[in-house]
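Encoded as structure tokens, the structure appears first; notes follow it.
The values are calculated or read from the model by the stated rules, or taken from the named source; none is laboratory data. Bear in mind that the values here come from a model prediction, so they are computed numbers and not experimental data. A quick note on method: Cβ atoms are made from the backbone with ideal geometry, for glycine too, and the neighbour counts reach across all protein chains shown. Just so you know, the surface numbers come from the protein's heavy atoms only, side chains and all, with ligands and any DNA or RNA stripped out. Shrake-Rupley method; radii C 1.70, N 1.55, O 1.52, S 1.80 Å.
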Amino acid sequence: MKNTGFIKAPLLASLFAYPVLFFATLQSALAQDAGGIDAKVNEIFSLATGWFVNLIFANLPGTSFPWIVLWLVVGATVFTLYFAFIQFRAVGHAISLVKGDYSNPNDAGEVSHFQALATALSGTVGLGNIAGVAVAVGIGGPGATFWMILAGLMGMASKFTECTLGVKYRNEYADGTVSGGPMYYISKGFAERGIPGGKFLAVLFAVFCILGALGGGNMFQANQAHAQLIGIFDPYPGWITGLIFAGVVFAVIVGGIKSIAQVTEKVVPFMGIMYVAAAMIIILMNYDKIGWAFGQIFDGAFTGLGVAGGLVGALIQGFKRAAFSNEAGVGSAAIAHSAVQTSEPITEGVVSLLEPFIDTVVICTMTALVIIITGQLTSDPATGLYILGDNGQIVTATGASGVALTSAAFGSAFSWFPYVLALAVILFAFSTMISWSYYGLKAWTYLFGEGKTKELIFKVIFCIFVVIGAAANLGPVIDFSDAAIFAMAVVNIIGLYFLMPIVKRELNSYMSRLKSGEIKKFKN
Amino acid sequence: MSTKLIVGLDGSGSGDRALAYAKRLSKLIGKCSIELVYVVEWSPYSFQTPEENASRHKRREQEIKTAMERVVQPTLDALKADGFTAAGRVKHGDAADILNAVAMEEKAEQIVVARSSEGGFTRRIFGSVTANLVMHASVPVTVVG
């Protein structure tokens with residue numbers, strides 16, 4: 001008995017000692033290595049992606065204007081003119097479609113227009129609206145807001161085109177599931193019109209879509225969620241946030257724990273409404289400055305008010321961040337919208353018009369107004385020009401940039417709001433990741449075929465990138481995220497140019513049947 | 001022309017009580033047919049993930065099949081064995097709306113439902129199916145206790 005007692009004591013002691021020792025080592029490792037792992041990740045990541053970023057953001061010869069921005073502007077303008085300002089003509093019809101006025105009651109139980117729109121919105125409304133806008137006005141000044149709204153309005157036409165095609169050329173499988181998106185409409189639509197190269201473009205799109213899913217749809221989200229967390233808690237290494245996020249994402253997309261995603265999908269819309277409501281209150285509290293803020297937006301749009309690059313600088317930032325936020329022309333929304341139940345693809349195109357409107361024209365503008373009105377951007381009282389720091393960005397009241405700038409702006413009105421915003425950012429980041437993991441997966445299975453192991457490989461890669469995204473610095477992450485998403489737009493818009501006559505035919509046929517009363521409302 | 005009765009089924013004891021009463025009514029009326037309606041609660045305004053949307057059509061088919069096989073068909077078979085004229089269907093949507101819509105479509109004489117089994121918190125927030133039906137129905141409604 002004595003003997004066993006003697007043995008037991010050290011055994012017990014060591015059982016307790018090991019975890020304590022482990023945590024002590026971990027703690028000292030963290031203390032010594034604060035930023036060590038992060039710095040390494042950042043360095044490798046910048047080296048690996050630099051060339052791709054440089055290619056996408058190359059300036060037009062002899063100018064300081066990135067060709068990709070022109071590409072997006074031209075695309076949105078072409079679609080706006082080709083469809084004769086569909087974004088203004090069809091808004092009323094879009095609202096009655098979402099309300100279900102034209103939905104056949106016998107289709108109840110299928111995906112409604114409302115659900116397709118809400119799902120697509122939860123993939124786009126997110127950090128682009130909170131952090132992206134802060135980046136835009138932080139570099140491009142208030143004038144960037146004007147270009148952002150314009151890009152949002154024009155982007156509605158791009159979205160209309162791609163979402164109509166997404167539904168028209170989706171794959172409907174024997175088991176009742178559907179898959180749609182640019183890879184399907186480019187390959188099928190080109191074949192239908194007898195244009196060569198469809199398959200090649202579709203594959204190219206799928207490759208960029210996977211990169212976009214890992215970049216903007218994943219790393220940028222993880223990165224900014226971490227930035228938000230260290231703004232509230234004491235700074236700690238990003239890879240820890242990354243591991244936690246990756247764990248939860250893994251549980252949902254690999255473990256199939258639907259309840260987490262379902263809870264997020266239900267909470268996110270309320271967070272969005274609350275965000276807009278808080279912004280409205282702050283704007284109304286400063287109602288005397290609303291006129292001044294719009295003055296800054298218009299003056300800045302055409303003069304730049306001293307920002308780096310002047311007018312062009314403001315325009316580039318506005319268009320870039322609008323495209324990043326509402327994803328019009330990128331092709332991702334076409335994947336999300338294609339699950340809707342409708343016999344008329346044009347109806348989903350019309351419904352999708354509302355997406356850039358809600359995302360950019362409403363929510364992004366709210367963020368920008370709050371940042372401007374709460375005086376986050378410092379200007380020289382003598383000249384009225386904004387003061388630039390060494391990095392070419394406008395010096396902010398608190399020195400913050402990105403999501404921290406938005407947080408500071410809201411926090412200056414309600415001291416508790418940064419906590420709510422942190423929760424919103426984390427939930428938005430999470431729901432965007434879940435949406436993009438699906439977009440990326442669709443592109444992946446388009447390339448490699450469906451199958452459990454193949455899907456698992458992508459999902460694991462996706463989770464690894466969550467950790468990388470949280471650990472790397474904002475600069476390289478945002479560059480790569482933008483580059484990947486815009487690369488998708490390059491391929492998608494080429495596809496849309498070739499396929500837009502098909503959309504026009506559908507639109508004309510639908511509109512004439514709507515006018516003649518052949519397409520009737522089921523509800524009054 | 002025969003009289004038609006709509007009976008709301010929900011796969012629980014309350015559905016059976018409604019059916020028992022409808023059978024009694026049917027015998028009293030004589031030339032009468034019973035239309036069974038099973039409603040899968042569903043709203044077009046709920047929020048879903050992209051993956052749920054992609055497999056929604058498949059899920060809907062499964063839901064209809066399951067309800068038909070487990071609830072509607074066995075009840076129909078029993079009714080027919082007892083010599084009743086009966087038909088049945090499964091629909092998605094708001095139970096009160098659907099029962100009323102089917103009653104209108106079939107030009108039914110009345111709707112028979114049983115007092116709903118849900119209670120407490122849910123009923124306080126959303127109101128019960130029975131209460132909604134009684135308030136909005138276009139044909140007489142009999143609520144069985």
Next item on the list: Restricting attention to the stretch A:86-118, report how many residues are within 24 Å of A:Lys504 (Cα to Cα) and of a type in the set (S, T, N, Q).
Entry: 4
Notebook entry, point to check: In the list A:Lys99, A:Lys40, A:Lys8, which residue meets the criterion of being over 24 Å from A:Asn492 (Cβ atoms) and modelled with pLDDT of 90 or more?
Noted result: A:Lys99
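For the stretch A:431-473, how many residues are small (Gly, Ala, Ser), more than 22 Å from A:Thr124 (Cα to Cα) and either touching a Gly at 6+ places or on another chain (Cβ under 9 Å) or part of a helix (DSSP H, G or I) (or both)?
Taking the stretch A:431-473 as the starting set, the residues that turn out to be small (Gly, Ala, Ser) are A:431, A:435, A:437, A:440, A:443, A:449, A:451, A:469-472.
Subsequent filtering for residues that are more than 22 Å from A:Thr124 (Cα to Cα) retains A:449, A:451, A:471-472.
Next cut, either touching a Gly at 6+ places or on another chain (Cβ under 9 Å) or part of a helix (DSSP H, G or I) (or both) only: A:471-472.
Number satisfying all stated conditions: 2.
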Notebook entry, point to check: Of all residues in the stretch A:423-436, which are open to solvent by 10 Å² or more (accessible area, probe 1.4 Å) and within 14 Å of another protein chain (Cβ to nearest Cβ)?
Noted result: A:Leu427, A:Phe430, A:Ile434
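Can you spot a residue in the stretch A:392-406 that is within 14 Å of another protein chain (Cβ to nearest Cβ) and either assigned to a helix (DSSP H, G or I) or in contact (Cβ under 8 Å) with a residue 40 or more places away in the chain (or both)?
Within the stretch A:392-406, the subset within 14 Å of another protein chain (Cβ to nearest Cβ) is none.
Looking through the stretch A:392-406, none of the residues is within 14 Å of another protein chain (Cβ to nearest Cβ) and either assigned to a helix (DSSP H, G or I) or in contact (Cβ under 8 Å) with a residue 40 or more places away in the chain (or both).
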Check: Which condition breaks for A:Tyr439 when tested against (1) out of contact with any Pro (no Cβ under 9 Å at 6 or more places or on another chain); (2) surrounded by 24 or more Cβ atoms within 10 Å (Cβ to Cβ); (3) farther than 20 Å from A:Val69 by Cβ?
Finding: (1)
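Take A:Val420 and decide whether it is open to solvent by less than 50 Å² (accessible area, probe 1.4 Å) and at pLDDT 90 or above.
Values: open to solvent by less than 50 Å² (accessible area, probe 1.4 Å): yes; at pLDDT 90 or above: no.
Here the answer is no, as A:Val420 does not meet what is asked.
Is it the case that the stretch A:243-265 has a residue that's under 30 Å from A:Ala157 (Cα atoms) and either open to solvent by 50 Å² or more (accessible area, probe 1.4 Å) or out of contact with any His (no Cβ under 9 Å at 6 or more places or on another chain) (or both)? Reasoning before the result, please.
From the stretch A:243-265, those under 30 Å from A:Ala157 (Cα atoms) are A:264-265; that's our starting set.
With either open to solvent by 50 Å² or more (accessible area, probe 1.4 Å) or out of contact with any His (no Cβ under 9 Å at 6 or more places or on another chain) (or both) added as a condition, the list becomes A:264-265.
Yes: the stretch A:243-265 contains one or more residues that are under 30 Å from A:Ala157 (Cα atoms) and either open to solvent by 50 Å² or more (accessible area, probe 1.4 Å) or out of contact with any His (no Cβ under 9 Å at 6 or more places or on another chain) (or both).
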Next item on the list: Check off (1) within 14 Å of another protein chain (Cβ to nearest Cβ); (2) open to solvent by 10 Å² or more (accessible area, probe 1.4 Å); (3) within 18 Å of B:Asn53 (Cα to Cα) for A:Tyr102 and give me the number that stays unchecked.
Entry: (3)
Next item on the list: Tell me, please, whether a residue that is of a type in the set (S, T, N, Q) and more than 30 Å from A:Tyr184 (Cα to Cα) can be found in the stretch A:414-428.
Entry: yes
Margin query: With the requirement that a residue be at the interface with chain B (Cβ under 9 Å from one of its Cβ atoms), of a type outside the set (Phe, Trp, Tyr) and under 25 Å from the mean Cα position of the chain (by Cα), what does the stretch A:105-130 give you?
Written below: A:Val111, A:Ser112, A:His113, A:Gln115, A:Ala116, A:Ala118, A:Thr119, A:Ala120, A:Ser122, A:Gly123
Check: For the stretch A:340-360, how many residues are under 16 Å from A:Tyr102 (Cβ atoms), open to solvent by 10 Å² or more (accessible area, probe 1.4 Å) and of a type in the set (A, V, I, L, M)?
Finding: 1
Item checked: Filtered residue count, the stretch B:30-57, keeping only those that are of a type outside the set (A, V, I, L, M, F, W, C), within 14 Å of the chain's Cα centre (by Cα) and either open to solvent by 60 Å² or more (accessible area, probe 1.4 Å) or at the interface with chain A (Cβ under 7 Å from one of its Cβ atoms) (or both) -> 1
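For the stretch A:78-90, indicate whether the set of residues that are assigned to a helix (DSSP H, G or I), open to solvent by 10 Å² or more (accessible area, probe 1.4 Å) and farther than 30 Å from A:Asp482 by Cβ is non-empty. Break it down into steps so the answer makes sense when it comes.
Going residue by residue through the stretch A:78-90, those that are assigned to a helix (DSSP H, G or I) are A:78-82, A:86-89.
Keeping just the survivors that are open to solvent by 10 Å² or more (accessible area, probe 1.4 Å) gives A:78, A:81-82, A:88-89.
Narrowing the set further to residues that are farther than 30 Å from A:Asp482 by Cβ leaves A:89.
Yes, there is a match, as at least one residue in the stretch A:78-90 is assigned to a helix (DSSP H, G or I), open to solvent by 10 Å² or more (accessible area, probe 1.4 Å) and farther than 30 Å from A:Asp482 by Cβ.
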Notebook entry, point to check: Do we find a residue being within 14 Å of chain B (Cβ to nearest Cβ) and outside any helix (DSSP H, G or I) anywhere in the stretch A:132-151?
Noted result: no
Check: Within the set of pairs 6 or more residues apart or between chains, which connect a residue that is more than 15 Å from A:Ala261 (Cβ to Cβ) inside the stretch A:433-454 to a residue that is of a type in the set (Lys, Arg) and part of a helix (DSSP H, G or I) with Cβ atoms less than 8 Å apart?
Finding: A:Trp444/A:Lys454; A:Thr445/A:Lys454; A:Phe448/A:Lys454
Checklist line | Matching residues, the stretch A:280-339, being touching a strand residue (DSSP E or B) at 6+ places or on another chain (Cβ under 8 Å), small (Gly, Ala, Ser) and open to solvent by 20 Å² or more (accessible area, probe 1.4 Å) | finding: A:Gly306, A:Ala308
Notebook entry, point to check: Can you name the residue in the stretch A:66-96 that is among the β-branched types (Val, Ile, Thr) and modelled with pLDDT of 90 or more and, of all such residues, is nearest to A:Ile316 (Cα to Cα)?
Noted result: A:Val74
Note to self: Testing B:Asn100 on (1) exposed (fewer than 13 other Cβ atoms within 10 Å of the Cβ); (2) out of contact with any Phe, Trp or Tyr (no Cβ under 9 Å at 6 or more places or on another chain), one condition comes back false. Which one is that?
What the structure shows: (1)
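Output the residues belonging to the stretch A:130-150 that are open to solvent by less than 10 Å² (accessible area, probe 1.4 Å), of a type in the set (A, V, I, L, M) and touching a Ser or Thr at 6+ places or on another chain (Cβ under 7 Å). It would help to see each step written out before you state the result.
First, pick out the residues of the stretch A:130-150 that are open to solvent by less than 10 Å² (accessible area, probe 1.4 Å): A:130-134, A:136-138, A:140-145, A:148.
When the remaining residues are screened for being of a type in the set (A, V, I, L, M), the result is A:130-131, A:133-134, A:136-137, A:144, A:148.
Selection gives A:Ile130, A:Ala131, A:Val133, A:Ala134, A:Val137, A:Met148.
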Next item on the list: Working carefully through the options B:Lys91, B:Lys65, B:Lys27, find the one that is open to solvent by 50 Å² or more (accessible area, probe 1.4 Å) and closer than 30 Å to A:Arg170 by Cβ.
Entry: B:Lys65
Next item on the list: Among the residues of the stretch A:168-212, count how many are part of a helix (DSSP H, G or I) and open to solvent by less than 10 Å² (accessible area, probe 1.4 Å).
Entry: 12
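When you scan the stretch A:285-340 for helices (runs of 4 or more DSSP H) that lie fully inside it, which ones turn up with 2 or more residues that are within 14 Å of chain B (Cβ to nearest Cβ)? Quick ask: steps written out before the conclusion?
Numbers: elements: A:290-303, A:310-326, A:332-337.
Of the helices (runs of 4 or more DSSP H) lying wholly inside the stretch A:285-340, those with at least 2 residues that are within 14 Å of chain B (Cβ to nearest Cβ) span A:332-337.
Looking at the stretch A:378-417 only, could you name the residues that are of a type outside the set (Gly, Ala, Ser), touching a strand residue (DSSP E or B) at 6+ places or on another chain (Cβ under 9 Å) and at pLDDT below 90?
At the first step, the residues of the stretch A:378-417 found to be of a type outside the set (Gly, Ala, Ser) are A:378, A:380-381, A:383, A:385-388, A:390-391, A:393-396, A:398, A:403, A:405-406, A:410, A:414, A:416-417.
If we keep only those that are touching a strand residue (DSSP E or B) at 6+ places or on another chain (Cβ under 9 Å) as well, we get A:378, A:380, A:385-388, A:394-396, A:405.
Once the filter is applied, which keeps residues that are of a type outside the set (Gly, Ala, Ser), touching a strand residue (DSSP E or B) at 6+ places or on another chain (Cβ under 9 Å) and at pLDDT below 90, the stretch A:378-417 yields A:Thr378, A:Asp380, A:Leu385, A:Tyr386, A:Ile387, A:Leu388, A:Ile394, A:Val395, A:Thr396.
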Check: How many residues, within the stretch A:384-401, are buried (at least 19 other Cβ atoms within 10 Å of the Cβ) and under 15 Å from A:Val370 (Cβ atoms)?
Finding: 2
